[in-house]
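First comes the structure, then the notes that go with it.
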Amino acid sequence: MKIEKIGVLGCGLMGSGIAQVAAAAGFETVIREVSDDLLDRGLERINRSLERAVEKGKLDETQREGTLARLTGTVDLAALHDCDLVIEAIVENPDEKRKTFVALDQEVQEKALFASNTSSLTITQLAVATTRPDRFVGLHFFNPVPAMKLVEVVRTLLTSDEAFAAAFDVCRRLGKQPVACKDNSGFIVNRLLVPYLLDAVRGLEEGIGSVEDIDLAMRLGTGYPMGPFTLLDMVGLDTTVFIADIMFEEYREKRFAPPPLLKQMVQAGRLGRKSGRGFYEY
Ligand code: CAA
Ligand code: NAD
């Protein structure tokens, strides 16, 4: 499986990061959003990120221009027809994802490999919506994508050895460290991280400390780079509630249940960094 051209679905937090990393690594990259307005916002995020990298001396001007030249934005699914790999990073909703993969399956060349960046859905339920479950993997990137080294590579009972090997190889070419995971809701990282984040919110509800003090304590007491509330704001509280609902539905264990405070913050439009306010104001 020769991978030279990558398609990315969704130009939100994760899709924009994945597309940036793919184009910077030398792949022809096409990113698809649902509207021109959302596409412009996503491409602007990539522009700012590349500018920061230049300012920090991580990238020179030629590399920045090369990255942008390899990147095309579109609202047309058919523009992904000749991609060798398509990575889906749309909203964490099983029906939306399945619907999107059914449409994608009809548009994209038969030999192409499909991947989902889902945080919490099993890959199997998405793969079987297509005619190519043998060429379907999970590629779970971490936020912020340009900075985080890990990609969880998920194989299902139906994934071929060739597809799995190609997915591993592409992660290395993207400058990432792949880790093999079984197809369980939350894979490795979110199986451990999500209960911790939700428990921080339950701790706040119970009054164990303030948002600032819980964050400070976890940073200084455990050496984590961010406290749980800073991290929740970065991930997005809406996305966290979607993930918690899916994992709770899967495991039926209280540790995965979204706490009432988190749900109310989402209902109130406090989604974290992306909406200007979550546990903190931005
Ligand atoms: N977008 C792109 N790049 C960013 C960024 C952003 N929003 N924020 C920081 N970076 C990059 C910087 O460019 C820098 O890159 P270089 O090392 O190449 O220069 C690097 O991150 C470090 O940045 P800073 O020195 O400015 O900041 P820092 O030292 O405070 O580190 C951090 C920032 C990397 C985000 C660090 O705080 C961290 O690791 N936090 C934890 C992040 C984490 O846990 N992510 C996983 C979330 S869970 C998930 O993703 C799975 C899921 O399904 C929900
Ligand atoms: P986001 O809300 O920032 O972005 C999702 C984008 O997808 C939106 O811009 C939306 O307009 C777009 N979209 C919706 N339907 C589409 C379609 N059919 N075609 C193209 N675009 C479409 O969400 P996000 O945080 O980037 O999360 C995306 C995926 O990545 C989710 O599955 C999430 O669970 C996963 N993920 C998120 C994080 C995180 O920290 N936020 C980390 C790892 C994985």
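The values are calculated or read from the model by the stated rules, or taken from the named source; none is laboratory data. Quantities reported herein were computed from a predicted structural model and do not represent experimental measurements. Note: ideal-geometry Cβ built from the backbone for every residue, glycine included; neighbour counts use all protein chains shown. Accessible surface is based on the protein model in full, side chains and every heavy atom, while ligands, DNA and RNA are left aside. Shrake-Rupley method; radii C 1.70, N 1.55, O 1.52, S 1.80 Å.
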Checklist outcome for this item: Taking Cα atoms, the helix 13-24 axis meets the longest principal axis of the chain at an angle in degrees (rounded to 10) of 40 degrees
Item to check | Using alpha-carbon coordinates, inclination of helix 36-55 to the longest axis of the chain, degrees | outcome: 80 degrees
Item to check | Inter-probe distance in nm under a simple model that places probes 7 Å from Cα toward Cβ, at Gln267 and Glu51 | outcome: 3.9 nm
Checklist entry - Quick one: length gained pulling Gln177 to Leu68 fully straight, 0.36 nm per residue minus the C-alpha distance? => result 36.8 nm
Next on the checklist: Please compute the per residue accessible area over the stretch 5-182 with all protein chains in place, 1.4 Å probe, rounded to a whole number of Å².
Outcome noted: 43 Å²
Item to check | Dipole magnitude of the stretch 190-272, debye to nearest 20 (Cβ charges: Lys/Arg +1, Asp/Glu -1, about Cα centre) | outcome: 120 debye
Item to check | Solvent-accessible surface ranking, highest first, for Thr62, Thr67, Thr122 at 1.4 angstrom | outcome: Thr62, Thr122, Thr67
Item to check | Sequence ranges 201-207, 266-272, ranked by mean other-Cβ count within 10 angstrom, highest first | outcome: 266-272, 201-207
Next on the checklist: Less than 14 Å from a label point 7 Å out along the Cα-to-Cβ axis of Glu4: which backbone N atoms in the stretch 44-76 qualify, by residue?
Outcome noted: none
Checklist entry - Using a Cα distance threshold of under 21 Å, what count of lysine pairs results for the chain when pairs must be 8 or more residues apart or interchain? => result 15
Checklist entry - Over the chain, what percent of the accessible surface lies on carbon and sulfur atoms, probe 1.4 Å? => result 52 percent
Next on the checklist: Quick check: with the 1.4 Å probe, what order do Phe142, Phe248 take by accessible area, largest first?
Outcome noted: Phe248, Phe142
Checklist entry - On a 0 to 90 degree scale, rounded to 10, what angle separates helix 211-222 from the longest Cα axis of the chain? => result 70 degrees
Checklist outcome for this item: Two pseudo-spin positions, 7 Å from Cα along C-beta at Glu205 and at Val189, lie apart in nanometres by 2.6 nm
